[in-house]
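J.: Pasting a structure below so you can have a look.
The values are calculated or read from the model by the stated rules, or taken from the named source; none is laboratory data. Being a predicted model, the structure only gives us computed values, none of them experimental. All Cβ positions, even for glycine, are placed from backbone atoms using ideal geometry, and neighbour counts span all protein chains on display. Side chains included, ligands, DNA and RNA excluded: accessible areas come from the protein's heavy atoms. Shrake-Rupley method; radii C 1.70, N 1.55, O 1.52, S 1.80 Å.
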Amino acid sequence: MTQIQRALRRFYVVMFVFLCLLLVQYWPFIEASEASVFLFAALSSLADAAIFLAPVVVIGLLLERVFRPRAGPCPRWKAMLVYGPVWLLSLLVVLLLFIDLQLFKLYEYHINAFVWNLVTTPGGLAALGASEQTIHTLVALVVVAAAVLAVLLAALHRFAAREPGGPGRFAHRRAASLTALLLVTLFVTEGVYAFSAYTGKESYLQAASVLPFHLNTSATALLRRLGVAPAEKSNTLKLAKGKVSYPLQPITTTAKERYPNIIWLTAESFRWDLFNAEVTPNLWAFAKQSMSFKHHYSGGNRTRMGLFSMFYGLHAPYWYSFQEQRVRPVLIDLLIDKGYLFSLRTSQSFTYPELNDTVFADMPAGTLMQALSDGEPWRRDQQNVDNMLTELAGADGARPRFMFMFFEATHAPYTFPESAVIRPDYLREVNYAKLDLLTNVDAIHQRYINAAHFVDAQVGRLLDYLQANHQLDNTVVLFTGDHGEEFMENGHWGHGHGNYFPEEQIRVPLVLHLPGYPAKSYEHVTSHLQIPLTLMDYMGVSTPAQAYTLAGDLFHSEDFLVLGNYNYMGIKNGDSKLVFPFTGSEFFRYDIYDRQDKRLPRDQRQPVIDANGAVLKRVIAESRRFVQ
């Protein structure tokens, strides 16, 4: 065995151990406590580490064969040609697994189609709000990882030079035995997974879902032939897939003598408890002459689902088919039909989330769609409001106007000028790569409050103009958040985590000014899904609501609330939330959360599931109403 071969064999062993150590860090997310489940996770981790390492080993073996390093001193150039690709591929594997681990710790999902969409969609990475210091730290970590791997290879190469060469038959047999053992481990763990998926062993399936890039092997045909009894319920559920049929009948209206202007203001991650006299004094004062809904909820804990629910009045699963087929909401179609002028502004992007494919798809000629991307988010928000005020000042009033604005300052890392500070003990710099949430979460929350105070000031500028120019008598004004934001109240920071919908992530304020309606504070529970019908009724629509929405108006409480994110739906019914996957990418199971958003143990879930049986059937049927 040559010097390069000996060095690489040892390098593969070190890499394998390191990958196993990274995989062990996923284990705290395993719910089951049975020893057999953790044995399954341990064996799966060994097999997964071997899979991750396999490309590195294969490339190394191929390069050894191509360059055929012989015993004795090895030319430097030949060693570099072998070690270089092995080093680079090893670095990519380590970085990929490390990034997935950090992603899972924050949001409880792995690198998947959503992450790929985030990376490849224009505006996606910008939506993360990473600071320059974060980027610099990440670059430094990559450099350090690259240097450590390079030093390790160099050290092993020098160490291998001190050993005598030889045929290495024993080493080859040992490597072959280890490979065979790992293949058997892979076969066993995938067999356990296939059996669990077929028979509904949720504890093993959940453990498998915690580990990254699981193969998800299926053996349905084999197990059926062997006479194994399958699970009582399906292992997957796919909703709202198919050709969109929406609305179910034409929209008809009773003509109005005059149509109001509409100013629709949405703030990123703006949760309900920001709405108070201290943090949002302008909105608080405006609510006294408008309608405010004190127990209002988004249709999900992601921007896509929040915006989709407030414009369409439909459940989250419909997003995918509507986006793919570029179907606008009937509310926007109605405004187009009534001759509205549109000016649409965002401090984020119209391509991420894909509003240009959904809410504002194929807008008529003359529509202004302005997405500001330069500078800090608070500066973009301020500039957008400047532009809105300029537009309002120059409007001739000949046609009604629809103005949309999406504020970004309240998205992490939560930006604001010093003039907006009402919480001075805020974290000065949010560096995602070095963040210690347990230590810094309170200071991060202070940043969020300051950013919300700034957004309120911008909203106040618009409200002051409308009041000073006596335009509120003919202007609908709506303010809400796309979803909420959590600050470790339930163990997470941000929004959109895995398969749960805590109050902090879904409850938002709603202030709605409808000319002619008296000011009132409503205490009953309402949802974003009720906004479209409320506005459609106000605009004189006579078409039955069932033809275009799944909810009633804001003046009546819904029997239950339906929530969603990219893979999961949630039903908030009374004091419990029932959550299940709907895309077919996750094994099907129900998770139940209590009033404090704590997950119920598996043996306590069935009574809640049984009690919600009729509700589940209704939600599933509703999620198929507008597709064929």
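J.: Over 46 Å apart: what share of the alpha carbon pairs of the chain falls there, rounded to a whole percent?
T.: 27 percent
J.: Another question, if that's okay. Rank these residues by their accessible area, most exposed first, probe 1.4 Å: Arg379, Arg602.
T.: Listed by decreasing accessible area, they come as Arg379, Arg602.
J.: To continue, here is another question. Loop-only GluC sites (Glu not before Pro) in segment 27-111, please: DSSP not H, G, I, E or B, and at most 13 other Cβ atoms within 10 Å.
T.: Here the GluC sites (Glu not before Pro) that fit, given the DSSP loop and packing criteria, are Glu34.
J.: Ranked from the most accessible area to the least, with a 1.4 Å probe and all protein chains present, what is the order of Thr439, Thr137, Thr220? Spell out each step's value before the answer.
T.: Details: Thr439 100, Thr137 25, Thr220 50 Å².
Highest to lowest solvent-accessible surface, that is Thr439, Thr220, Thr137.
J.: Give me P(r) over segment 414-568, computed from all C-alpha to C-alpha distances, binned every 5 Å, as integer percentages.
T.: With 5 Å bins starting at 0, P(r) equals 1, 7, 13, 15, 16, 16, 13, 10, 6, 3, 1, 0.
J.: Helix-only estimate, please: 222 nm mean residue ellipticity of the chain, summing -39500 (n - 2.57) across DSSP H runs of length 4 or more and dividing by its residues, to the nearest 500. Don't jump to the answer; show the numbers that get you there.
T.: Working: 18 runs with 281 residues, N = 628.
The per-residue figure over the chain is -15000 deg cm²/dmol.
J.: Then there is this: Filter the trypsin sites (Lys or Arg not before Pro) in segment 193-282 to those in DSSP coil with at most 12 other Cβ atoms within 10 Å of their Cβ, and list the result.
T.: Lys233, Lys243, Lys256, Arg258
J.: Report the net charge of residues surrounding Leu314, where surrounding means a beta-carbon distance below 13 angstrom and charges are Lys +1, Arg +1, Asp -1, Glu -1. Intermediate values should be presented prior to the final figure.
T.: Working: positive: Arg304, Arg328, Arg624, Arg625; negative: Glu622.
My count for the surroundings of Leu314 gives +3.
J.: By Kyte-Doolittle mean hydropathy of at least -0.5 and Cα axial length of at least 15 Å, which whole DSSP H helices of the chain are selected?
T.: Taking the DSSP H segments of the chain (at least 15 Å long, mean hydropathy at least -0.5), we get 3-24, 35-67, 76-107, 132-161, 169-199, 437-468.
J.: Which three semi-axes in whole Å describe the equivalent ellipsoid of segment 261-557, each the square root of 5 times a Cα gyration tensor eigenvalue, listed largest first?
T.: Value: 29, 22, 19 Å, ordered largest first.
J.: Which trypsin sites (Lys or Arg not before Pro) from segment 310-371 combine a DSSP loop assignment with at most 14 other Cβ atoms within 10 Å?
T.: Here the trypsin sites (Lys or Arg not before Pro) that fit, given the DSSP loop and packing criteria, are Arg326.
J.: So what's segment 3-226 giving for Rg/Rh, alpha carbon basis, Kirkwood Rh from the mean inverse pair distance?
T.: 1.02
J.: For a quick check of understanding: with a 1.4 angstrom probe and all protein chains in place, what accessible area in square angstrom does His136 have, to the nearest ten?
T.: Its heavy atoms expose roughly 120 Å² to the probe.
J.: Here is a further query. I want the local charge near Lys294. Using Cβ-Cβ distances under 12 Å, sum +1 for each Lys or Arg and -1 for each Asp or Glu among the other residues.
T.: On the way: positive: Arg507, Lys520; negative: Asp273, Glu523.
Combined, the nearby Lys, Arg, Asp and Glu give 0.
J.: At a probe radius of 1.4 Å, what is the per-residue accessible area of Val148, in Å² to the nearest 10?
T.: Val148 has an accessible surface of roughly 90 Å² with all protein chains in place.
J.: Along each of the three principal axes of the Cα atoms of segment 535-589, give the extent in whole Å, ordering the values from largest to smallest.
T.: Each principal axis gives a Cα extent; for segment 535-589 these are 44, 26, 14 Å.
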